[in-house]
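Notes to accompany the following structure.
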Amino acid sequence: MSHVIIGTAGHVDHGKTALIKAITGQETDRLVEEKKRGISIELGFAPFKLPSGRLAGVVDVPGHERFIHNMLAGIGGIDLVLLVVDVTEGVMPQTREHVEIMDLLKIARGLVVLTKTDLIEDEEWLDLIEEEVREALTDTFLSNAPFFRVSAHSGKGLAELVQAIDEVTAELPARDEKAPLRLPVDRVFTIAGFGTIATGTLTAGTVQTGNTVEVLPAGRTARVRQIQVHGVLVEEAFAGQRTAVNLSGLEKVTLTRGSVIAAPGSLQATYLLDAKLKLLASAPRALKNMARVHIFLGTGRSVGRVALLDRDELQPGAEAPVQLRLEKKLVAQNKDRFIIRSFSPMFTIGGGMVLDASPRKHKRFQKDILHKLKELEKGDPAVPLLQRIRRESITSKNILLKQAGLAPDVLQTYINKLLEQGEIKQTGDLLIDALAVQKWQELLEQLLTEFHRQHHLAIGMSRAELKKVLPPAVSPKVYDWLLNEMVAKGRIQLQDNLVFLTSHRPEPNAKEAEQMKMMLKLYLEGGFTPPSIKEVAEKLRIMQTEVDSFVDYLSRQKELVRVDEQLAFHHDYFQRAKAELCQHFREKQTLTAGEFREKLGSTRKYIIPLLETFDRLKWTRRSGDQRVAWRLDIDNNGEDEDHD
C-alpha cells in the first residue's frame, strides 16, 4: 500500500502520545492546555518513515471520554489502528468504547500495544494483563490481532512493533486514486498572508495545485493555491495521505471540521440517509423509533432522529434498516460507516453503514423500500448504480461518474455488467432503466392500439402526438431511440412523421367501401369544381370527420388528391390539370391564375388551392402574381413527378 494512515486508540493516559513520539520522533500534542494537563484534547498528527522507506501518516486521538467527539473525527480515515493499553491499568472504559467504535467503523487491521512495560518487571503479571486484554477483545475485529509489549521510556519492543506496522500496512489494499476527490476536513486554521488552510485524510482521488474544488455542505467552490503533505509543499496529493490544502477565496467560517473538499458535482450534502444500524449489545436499553441521537460520519457530526423502517424499537445487539433524519446536513456516500451516541447523557450506543446517501423521505413498513435496502445491504457495487438509474429513469453517464465515487474504469465495469444482465439500456451518454423502457413502450403500444381502433383507416399517429403519453423526462433523443428499438423488434413501423403498429392494416368495412364508392362518383362528377368535404357529408348524410378520413384513405389509394382541408380532386381530373399545366408551359414562360381558370373552366375557389398544391409539389414557383415552371417535366406531361 503506497499511502497509509495509522491511528491510535485507547483509554486516556495509557501512553498513546508517548508511543507515537517514541516511534516517529514527533510530538503530536500541540496545544498549551494539552501539555499543561498531560492529556490529548485534540487530534494530533505526525509523519512516520517506515523501514521500507514508505512515509505513513499517524493520527493520534484523545482518549478522554469528554473528547470522544474529537476521537471520532480522526479515527474514521485510518487503515491500521494501534490499540494502546497501559499494563498498570489494563482494560478501561474508553478501551472498550474505542474498540466498539472501531468495530462499528470496520477498521481494516489492528495491532494491540501493551505500554509502560518498564513499570512491571514480573513477566507473569504481564501475561495476566495480556490475557485480560485478549479476553476483552473476544468477538471483535482485534480478536486475532498480534500483541506487542513495549516501553516508550526504555525503547523495549519498539523495533518489533515498527517492523510489524511496516509489514501489515504493505498488505493493505490501496485506496482509489482515480476516483473523484474526497477530503473530509478535520482541522481548519488561517495563516497570515496565506488565508484558509484545511487538513484531513485524503480518502479518495487526487488533488493538484490549481484545481477547482467544491466545499460541502457550504456549496462553495474554491481554487487550490498550495498543497502540503506532512509539512512539505507538493504539487499533488494522493488518496491515503494526510493532506493540507490552502484554498483561495474562502473564509474560515465557510470551512469547518466536518466539511468535505470534493471534485465539483461529485458529492452532495443531505438531511436524509438510509442505513443499516446496529445497536451495541452493551447499549443500556432498546432504541425507540424516532429517538434523538448524535450522529458521527467522517469528520462531521449532527443531531438527528432514527426512523426505524421495519419495527417500533431496536433491541441491544440487533440490526435494522433505518432512515437517519438529520438536523444539520452531512456529506456521505454509499458504504460510509457512522457512529451514533445517545442524546443525553452522551455515550456510544451503535453505528452502521450508509446504504443510500441521497434517498427520499420514506414511510415506515414499505415493502418496496425494505427490499431496495436489503439489496443494497448485500454489497454488490452495481446495485446502488442500478437503483440510482431506476430512481431517475434516465441518467447521464457523466453525472453518474461524478456522483458514484468510482474510478471511470471501475464504473464502466459495473455499467457493462448491468447492460449484460439487461437491467439497463444505453443510448449515447444516457443510461436508461430497462423496466422504464418496457413500461414506456407498452404505453406507446396501448395508445397506438386505441388510435387504430378509433381511426382504423388512418396509417398511423403523429410522432409528436404519440410522445405526449410519455413523461416529460423522456427527451426527443430518448424518444427517437425508443421508437427505433420498437422498430427493430418489429412492434411498430415509421412512415414520414407517422407511427403505427406493424400489425395494423387500414382497410374499410363493407359499409365504408360503399360510401367511398359513392364519394368517388361525386368527385368524378364534380370534375374541376368538386364538392367540399362538408358538401359530401351533407349529400351522403355522414359525419364530416368520416368523410375526412375517407378522403385521406382514398388519397393514399391514389383515387383522390387532397389540395386543402376542405377540397380534393378526383385523381383523373388532377392528372388532367397537370397535363394542362405542362401544355401551357410548353407554349409560354409564365402562368396566371386567370389563365389556368379559363383552361380548366373552373373558378378561383378551386384554382387557387390547386395552384398552391403545385407550388408545394415544386412543379411551379410563384413570381409575383405569376407562376413559372420549376421541377416539372413538361415534355412528358410530368409523368415522372410524384404528387403524394
Which of the residues spanning the range 326-352 are of a type in the set (Ser, Thr, Tyr) and either surrounded by fewer than 22 Cβ atoms within 10 Å (Cβ to Cβ) or touching a His at 6+ places or on another chain (Cβ under 7 Å) (or both)?
Ser342, Ser344
What single numbered condition from (1) assigned to a helix (DSSP H, G or I); (2) surrounded by fewer than 20 Cβ atoms within 10 Å (Cβ to Cβ); (3) hydrophobic (A, V, I, L, M, F, W, C) fails to hold for Phe141?
(1)
Residue hits (the range 471-497; of a type in the set (A, V, I, L, M), surrounded by fewer than 17 Cβ atoms within 10 Å (Cβ to Cβ) and over 17 Å from His452 (Cα atoms)) are Ala473, Val487, Ala488
Filtered residues of the range 353-363 (kept if surrounded by fewer than 16 Cβ atoms within 10 Å (Cβ to Cβ) and either in a helix (DSSP H, G or I) or touching a Lys or Arg at 6+ places or on another chain (Cβ under 9 Å) (or both))
Arg360, Lys361
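Okay, residues lined up against (1) β-branched (Val, Ile, Thr); (2) in the same structural domain as Arg562 (by TED's automatic domain parsing); (3) more than 19 Å from Leu567 (Cα to Cα):
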| site | (1), (2), (3) |
| --- | --- |
| Thr592 | yes, yes, yes |
| Thr603 | yes, yes, no |
| Leu610 | no, yes, no |
| Asp615 | no, yes, no |
| Trp619 | no, yes, yes |
| Arg622 | no, yes, yes |
| Asp625 | no, yes, yes |
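Take the conditions more than 31 Å from the chain's Cα centre (by Cα) and modelled with pLDDT under 95 and apply them to Ile197. Does it pass?
In short, no.
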Between Glu565, Glu580, which is in a helix (DSSP H, G or I) and acidic (Asp, Glu)?
Glu580
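Tell me, which strands (runs of 3 or more DSSP E) lie completely within the range 1-62 with 1 or more residues that are under 40 Å from the mean Cα position of the chain (by Cα), modelled with pLDDT under 85 and under 20 Å from Thr199 (Cβ atoms)?
Correct list: 44-49, 55-60.
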For the range 461-484, name all the residues that are in a helix (DSSP H, G or I) and touching a residue at least 60 places away in the same chain (Cβ under 8 Å).
Val478
Given the criteria under 51 Å from the mean Cα position of the chain (by Cα) and basic (Lys, Arg), does Arg541 qualify?
no
Of the residues Leu385, Leu470, which is of a type in the set (A, V, I, L, M, F, W, C) and under 27 Å from Arg182 (Cβ atoms)?
Leu385
Given the conditions (1) over 30 Å from Phe550 (Cα atoms); (2) modelled with pLDDT of 95 or more, which single one is not true for Leu444?
(1)
Within the range 534-588, which residues are of a type in the set (Ser, Thr, Tyr) and farther than 23 Å from Ser602 by Cα?
Thr545, Ser549, Tyr553
Only one of Arg305, Arg292, Arg301 is surrounded by fewer than 16 Cβ atoms within 10 Å (Cβ to Cβ), outside any loop (DSSP other than H, G, I, E, B) and either of a type in the set (Gly, Ala, Ser) or touching a strand residue (DSSP E or B) at 6+ places or on another chain (Cβ under 7 Å) (or both), namely Arg292
Of all residues being over 24 Å from Ile75 (Cα atoms) and under 24 Å from the mean Cα position of the chain (by Cα) in the range 308-322, which is surrounded by the most Cβ atoms within 10 Å (Cβ to Cβ)? Just the residue, please.
Pro321
Members of the range 485-497 that are in a helix (DSSP H, G or I) and either outside the structural domain of Trp440 (by TED's automatic domain parsing) or among the hydrophobic types (A, V, I, L, M, F, W, C) (or both)
Met486, Val487, Ala488
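What residue, of Gln366, Gln387, Gln403, is surrounded by 15 or more Cβ atoms within 10 Å (Cβ to Cβ) and more than 17 Å from Leu435 (Cβ to Cβ)?
Just one listed residue meets the conditions, Gln403.
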Of all residues being surrounded by 19 or more Cβ atoms within 10 Å (Cβ to Cβ) and β-branched (Val, Ile, Thr) in the range 169-193, which is nearest to the chain's Cα centre (by Cα)? Just the residue, please.
Val185
Which residues, counting only those in the range 568-577, are surrounded by 19 or more Cβ atoms within 10 Å (Cβ to Cβ), part of a helix (DSSP H, G or I) and either not hydrophobic (A, V, I, L, M, F, W, C) or not assigned by TED's automatic domain parsing to the domain that holds Asp615 (or both)?
His571, Tyr573
Here is a list: Thr206, Thr196, Thr243. Which entry is crowded, with 22+ Cβ neighbours inside 10 Å, of a type in the set (Ser, Thr, Tyr) and under 23 Å from Lys49 (Cα atoms)?
Thr243
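The values are calculated or read from the model by the stated rules, or taken from the named source; none is laboratory data. Predicted model, so just to flag it, every value in this text is computed and none were measured. Ideal geometry is used to build each Cβ from the backbone, glycine not excepted, and the neighbour counts take in all protein chains shown.
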